[in-house]
Amino acid sequence: MDGYNSRMIESQSFQIVVVGGGLVGKAAALAFAQLGLRVALLAPAVSVPAVFNSRVYALSASAQTLFEQLRIWQALDPARLAPVYDMRIYGDALAELHFSAFQAHVPQLAWITEASLLESALDTALQFQPNLVWLDRRARHFSVLSERALLELDDGQVLSTQLVVGADGAQSWVRAQMGAKLVRRDYQQIGIVANFKIEQPHRETAYQWFHKGELIALLPLPENHVSLVWSAHEQHAQDLLVLDEMAFSAELAAVVGNRFGALQCVSQRQAFPLSLQKVERLIAPRVALVGDAAHLIHPLAGQGMNLGLRDVAELAQVLAGKEPFRDLGDMTLLRRYERARREDIQKLSLVTDGLHRLFSWPGGFARGIRNAGLTLLNQQSFIKRQLVASALDPAAHLFEVTLTVLDPDPVGQRFMLPVWIPGSYKVREFARHIVTIKAHSVATGRRVPLQKMDKHTWQAAPVKGALILTYEVYAWEMSVRAAHLDDTIGFFNGTSVFLAVLGQQAAPCCVEIKAPLGAAYHDWRVATTLTEAEATHRHGFGEYRAANYDELIDHPVMLGEFALADFNAYQVAHEVVIAGKVPALDLARLTQDLQRICETQIAFFEPQTKCAPFKRYMFMTMALTDGFGGLEHRASSALICKRSDLPAIGCAPGKLTEGYRTYLSLCSHEYFHSWNVKRIKPVTFAPYDLAHENYTTLLWLFEGFTSYYDDLMLVRSGLMTMQDYFALLGKTLARVLRGSGRFKQSVAESSFDAWTKYYMQDENAANAIVSYYQKGALIALAFDLAIRAQTESTRSLDDVMRLLWQRYGRDFYQHQPVGITDDDIEALFHEATGVDLSELYQDAVYGTNDLPLAELLAPFEVTLEADQANHLPSLGMRVREGVWIDVVYEGGAAHRAGLSAGDRLVALDGLRVSGSNLEALLARYQTADQFDVHIFRRDELRCVQLTLDPPEVASYRLHPSESRSEACKWRAAWLSG
């Protein structure tokens with residue numbers, strides 16, 4: 001007879017074979033059998049005593065839920081179950097920590113029950129599973145085929161199965177067969193367990209004492225009994241074990257005092273060595289580990305068994321939800337199990353090991369630290385929000401996020417994902433990328449109903465105790481604004497992946513960032529300016545912290561392999577991260593040039609102290625074949641550039657190529673934003689409302705002025721010549737003057753309409769809007785020149801920016817944030833400079849006239865001249881790929897002829913237009929010449945007559961005089977700062 005099952009085995013084929021017959025192994029076998037699977041359990045057939053014994057477990061709510069689902073809990077004798085309503089933990093210097101079920105909003109903290117009671121109930125249930133066979137045999141050989149695993153037993157039988165579950169304890173044979181690496185640390189302690197009868201009631205309270213580097217725990221049992229777990233140093237444990245019952249009771253009383261009155265030992269003492277075991281992986285082809293085979297932790301938290309039972313519950317849930325086309329050993333299923341369990345295992349291992357180390361640390365100084373910590377922890381609330389972000393499946397572009405809320409709203413916690421990201425003024429509906437989302441109760445382990453309230457808001461049903469949300473985010477947008485994940489790089493902004501816990505946005509946050517599974521990701525690192533937790537190394541996966549939700553989402557994260565360099569700018573650490581293959585990347589030159597820009601800007605805002613507004617800064621760049629963009633954050637910038645823009649070792653040393661200059665200008669722009677818009681903000685951004693558009697008329701100040709200073713800072717840092725700077729100013733002026741939209745929209749209106757016009761441009765944008773970036777930069781130039789001219793260069797726009805910083809930005813994150821209103825700005829110009837700019841201000845900001853730049857440049861002996869670069873007559877339109885009309889300029893030749901955006905050019909004057917010959921065709925004509933133009937519109941051939949316009953102004957030339965006049969000194973002061 002094999003165990004409790006005497007049926008002959010007709011088939012050696014099973015869906016699951018569970019190896020190991022402890023509580024976890026038996027619970028696993030029962031859970032799988034109740035799913036309707038064919039299960040074999042390899043375990044000794046040991047008769048379990050039904051009497052009171054010394055080995056007990058503190059079962060958590062999740063363990064209770066599992067046993068209820070297995071219909072085991074209902075079979076337990078209630079008289080042999082003891083609830084824990086309170087827990088008191090004492091340090092070795094009168095420090096105390098107190099937990100209660102009432103404070104945690106749960107019925108009880110745990111249930112204390114004997115191991116024998118649970119095993120007896122499990123054994124009985126297993127006997128009545130028709131699809132389960134219990135074999136009192138040992139496996140001696142294991143092999144994996146493509147579709148099955150084979151187990152050869154010690155009696156010669158061979159079992160074929162889809163999945164082997166190793167539940168065979170700390171010395172697991174299954175784990176050895178799968179070759180999983182094991183890290184083991186011996187605590188050099190012995191755990192002693194025994195049961196005591198007490199004189200005074202325990203009041204359903206569990207007690208723990210940290211005493212001389214040892215842990216003594218007394219857990220409540222029924223009928224005025226308690227269970228002892230004494231984690232003692234090895235020699236002390238041997239001394240305790242040889243004492244008689246009376247002397248042993250006296251030793252215990254010396255530690256716990258007379259709280260319980262007389263103590264009488266009523267069971268034999270049992271002893272077992274204590275160690276920590278970490279397993280590299282929980283799965284292998286057709287193998288999964290659970291319980292002590294998967295992990296072994298210190299017993300001081302009483303969580304080892306609960307951890308194993310949660311393994312069982314998760315594995316059963318994964319297998320129950322498998323797709324029909326997968327078998328039970330499919331690695332996709334097993335990876336889901338491993339991902340789901342990794343956080344729980346790692347966290348409990350760290351907590352128990354950390355507490356053991358802390359309370360084993362000798363000396364009075366150590367004693368003071370740990371007891372002060374216990375007292376402080378007892379007085380403070382916990383971090384209310386914890387997130388775990390993991391690269392779930394790079395090939396599927398999925399991030400998985402687990403959000404734990406320790407104190408959810410009692411009427412039903414609401415969650416919201418932002419609809420926009422600060423710095424990019426467009427509703428982007430990030431919530432559309434959430435693929436799956438579900439909620440669970442920590443106390444019961446059960447699903448919590450989650451209702452979607454609108455496009456980006458969810459509400460969980462009321463729940464007692466902590467609440468966990470788990471959701472997947474699709475990430476396939478290679479931009480600085482959203483999230484991207486593949487097998488080469490990961491990147492995300494918090495606005496794309498982190499749900500806001502409504503009502504708790506001010507609470508501190510902890511986020512654990514996890515690497516994707518697999519050897520291919522072994523060299524991945526983390527780049528972010530989030531604050532690392534103590535145990536997390538710089539650029540390592542692990543825990544990071546933020547003071548609140550606003551801070552959490554203002555530090556983007558990059559994952560992967562990347563080039564990394566660092567430099568200091570006025571003693572502040574700066575890092576440069578370049579992701580993407582860039583051959584011969586000259587990081588030395590890049591860091592040297594960025595250092596000059598950063599120090600120039602720090603000194604600009606804080607000329608006396610040279611103090612930056614952050615403790616650390618990061619330039620985070622994704623280098624692509626083609627691409628450009630940047631987004632500012634409070635201590636970092638996310639950037640995209642062409643890899644050809646970055647400097648190469650040995651190429652053009654000392655020269656600033658156009659591409660590299662463009663990249664440095666982008667870095668300068670986003671870095672300047674650290675002051676101007678990340679800390680100096682419009683009142684409507686203090687704070688942000690991430691559920692709706694935040695309207696302001698001041699983007700011309702925050703983006704336009706930043707666009708003015710980005711290139712100017714390259715000049716002042718010595719990286720750009722005056723001639724190159726003037727050429728860039730001339731191109732900006734030509735772009736602004738090219739579109740008739742400047743006559744229809746002021747920069748204040750353009751700022752306000754950014755959400756619906758500037759960030760949603762169509763083919764008519766040039767005729768309808770003006771750029772608050774480009775015209776805003778020209779307005780900054782105009783103000784700067786006007787102030788300098790009227791004060792003989794003793795005051796400038798620099799003074800305005802510094803006053804803005806001192807009054808609105810410097811203390812923005814230290815005190816109640818204050819934003820700027822429209823009325824504040826104009827008055828502040830006069831206060832900072834003493835110059836009345838009211839007329840120019842009103843016309844430039846609220847009017848639509850062209851700026852009098854030629855007049856304003858004259859006092860600096862700089863003249864303006866239009867530059868018609870190619871001298872070709874103009875068609876009055878912009879063409880894509882040589883044949884497709886993209887833009888038709890209002891009043892131009894194409895507009896007068898009746899051409900439209902979207903038309904396809906076929907022929908000019910009877911000659912075919914190809915993708916490359918348009919300029920060659922135009923070169924044979926003069927201004928005012930007329931000819932027929934053939935086009936296709938909606939596949940219909942049309943012919944119109946077009947009259948050519950004069951050549952377009954491609955740029956404006958700024959010509960400085962070479963005299964040594966006072967005006968030239970003013971010009972030098974303007975450019976040098």
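The values are calculated or read from the model by the stated rules, or taken from the named source; none is laboratory data. Keep in mind that what you see is a predicted model, and the values were worked out from it rather than measured. Neighbour counts run over all protein chains shown; Cβ positions are idealised from the backbone, glycine included. The accessibility values were calculated without ligands, DNA or RNA, using every heavy atom of the protein model including side chains. Shrake-Rupley method; radii C 1.70, N 1.55, O 1.52, S 1.80 Å.
One table, with the values for the structure above:
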{"quantity": "Of residues in the range 264-321 being at pLDDT 85 or above and among the acidic types (Asp, Glu), the one surrounded by the fewest Cβ atoms within 10 Å (Cβ to Cβ)", "calculated": "GLU314"}
{"quantity": "Criterion: touching a residue at least 12 places away in the same chain (Cβ under 8 Å), part of a loop (DSSP other than H, G, I, E, B), in contact with a helix residue (DSSP H, G or I) (Cβ under 8 Å, 6 or more places away or on another chain) and open to solvent by less than 30 Å² (accessible area, probe 1.4 Å) - qualifying residue of MET713, MET720", "calculated": "MET720"}
{"quantity": "Failed item, numbered, when ALA519 is tested on (1) in contact (Cβ under 8 Å) with a residue 40 or more places away in the chain; (2) more than 19 Å from GLU632 (Cα to Cα); (3) open to solvent by 10 Å² or more (accessible area, probe 1.4 Å); (4) of a type outside the set (Val, Ile, Thr)", "calculated": "(1)"}
{"quantity": "Selection count where residues are within 45 Å of the chain's Cα centre (by Cα) and in a strand (DSSP E or B), scope the range 186-213", "calculated": "15"}
{"quantity": "Residues located in the range 623-673, provided they are charged (D, E, K, R), out of contact with any strand residue (DSSP E or B) (no Cβ under 8 Å at 6 or more places or on another chain) and loosely packed, with under 15 Cβ neighbours inside 10 Å", "calculated": "LYS655, GLU658"}
{"quantity": "Boolean, TYR813 is within 18 Å of GLU703 (Cβ to Cβ) and aromatic (Phe, Trp, Tyr)", "calculated": "no"}
{"quantity": "Odd one out for TYR759, checked against (1) touching a helix residue (DSSP H, G or I) at 6+ places or on another chain (Cβ under 9 Å); (2) among the hydroxyl-bearing types (Ser, Thr, Tyr); (3) closer than 27 Å to THR848 by Cα; (4) assigned to a helix (DSSP H, G or I)", "calculated": "(1)"}
{"quantity": "Residue pairs meeting the criteria (Cβ under 9 Å; at least 6 apart or on separate chains; first at positive phi, in the range 479-508; second part of a strand (DSSP E or B))", "calculated": "GLY503/ARG414"}
{"quantity": "Failed criterion for TRP458 (all others in (1) over 30 Å from ALA110 (Cα atoms); (2) crowded, with 17+ Cβ neighbours inside 10 Å; (3) touching a residue at least 60 places away in the same chain (Cβ under 8 Å) hold)", "calculated": "(3)"}
{"quantity": "Wholly within the range 538-609, strands (runs of 3 or more DSSP E) carrying at least 2 residues that are open to solvent by 10 Å² or more (accessible area, probe 1.4 Å)", "calculated": "542-546, 562-569, 572-579"}
{"quantity": "Selection count where residues are more than 25 Å from TYR725 (Cβ to Cβ) and open to solvent by 60 Å² or more (accessible area, probe 1.4 Å), scope the range 944-959", "calculated": "2"}
{"quantity": "Conditions (1) in contact with a helix residue (DSSP H, G or I) (Cβ under 9 Å, 6 or more places away or on another chain); (2) within 29 Å of TYR725 (Cα to Cα): number failed by ASP554", "calculated": "(2)"}
{"quantity": "From the options VAL879, VAL862, residue that is surrounded by 15 or more Cβ atoms within 10 Å (Cβ to Cβ), out of contact with any helix residue (DSSP H, G or I) (no Cβ under 6 Å at 6 or more places or on another chain) and closer than 30 Å to LEU922 by Cα", "calculated": "VAL879"}
{"quantity": "Scan of the range 193-214 for residues that are within 23 Å of GLN108 (Cα to Cα) and surrounded by 16 or more Cβ atoms within 10 Å (Cβ to Cβ), ordered by number", "calculated": "ASN195, PHE196, LYS197, ILE198, HIS202, THR205, ALA206, TYR207, GLN208, TRP209"}
{"quantity": "The range 923-942, residues that are open to solvent by less than 70 Å² (accessible area, probe 1.4 Å) and either on the phi < 0 side of the Ramachandran plot or β-branched (Val, Ile, Thr) (or both)", "calculated": "ALA923, TYR925, THR927, ASP929, PHE931, ASP932, VAL933, HIS934, ILE935, ARG937"}
{"quantity": "Strands (runs of 3 or more DSSP E) wholly inside the range 214-285 that include at least 3 residues being among the β-branched types (Val, Ile, Thr)", "calculated": "none"}
{"quantity": "Checklist (1) in a loop (DSSP other than H, G, I, E, B); (2) crowded, with 22+ Cβ neighbours inside 10 Å applied to SER146, failing item", "calculated": "(2)"}
{"quantity": "Residue pairs meeting the criteria (Cβ under 9 Å; at least 6 apart or on separate chains; first without any contact (Cβ under 8 Å) to a residue 60 or more places away in the chain, in the range 827-841; second surrounded by 18 or more Cβ atoms within 10 Å (Cβ to Cβ) and part of a loop (DSSP other than H, G, I, E, B))", "calculated": "PHE829/VAL835; PHE829/LEU837; HIS830/LEU837; THR833/SER796; LEU840/LEU851"}
{"quantity": "In the range 901-913, the residues that are part of a loop (DSSP other than H, G, I, E, B) and out of contact with any strand residue (DSSP E or B) (no Cβ under 6 Å at 6 or more places or on another chain)", "calculated": "GLY902, GLY910"}
{"quantity": "Considering residues of the range 140-193 that are hydroxyl-bearing (Ser, Thr, Tyr) and touching a residue at least 24 places away in the same chain (Cβ under 8 Å) only, the residue nearest to ASP327 (Cα to Cα)", "calculated": "THR161"}
{"quantity": "Qualifying residue in the range 909-922 (condition: touching an Asp or Glu at 6+ places or on another chain (Cβ under 8 Å), exposed (fewer than 14 other Cβ atoms within 10 Å of the Cβ) and at pLDDT 95 or above)", "calculated": "yes"}
{"quantity": "Residue check for ALA232: farther than 30 Å from LEU517 by Cα and surrounded by 23 or more Cβ atoms within 10 Å (Cβ to Cβ)", "calculated": "yes"}
{"quantity": "Residue list for the range 70-90, restricted to those being free of Cβ contacts under 8 Å to residues at least 40 places away in the same chain and open to solvent by 60 Å² or more (accessible area, probe 1.4 Å)", "calculated": "GLN74, PRO78"}
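A quick yes/no check of all residues on (1) open to solvent by 20 Å² or more (accessible area, probe 1.4 Å); (2) within 25 Å of GLU543 (Cβ to Cβ); (3) touching a Ser or Thr at 6+ places or on another chain (Cβ under 7 Å):
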position	(1), (2), (3)
GLY423	no, no, no
LYS426	yes, no, no
ARG432	yes, no, no
PRO449	yes, no, no
GLU472	yes, yes, yes
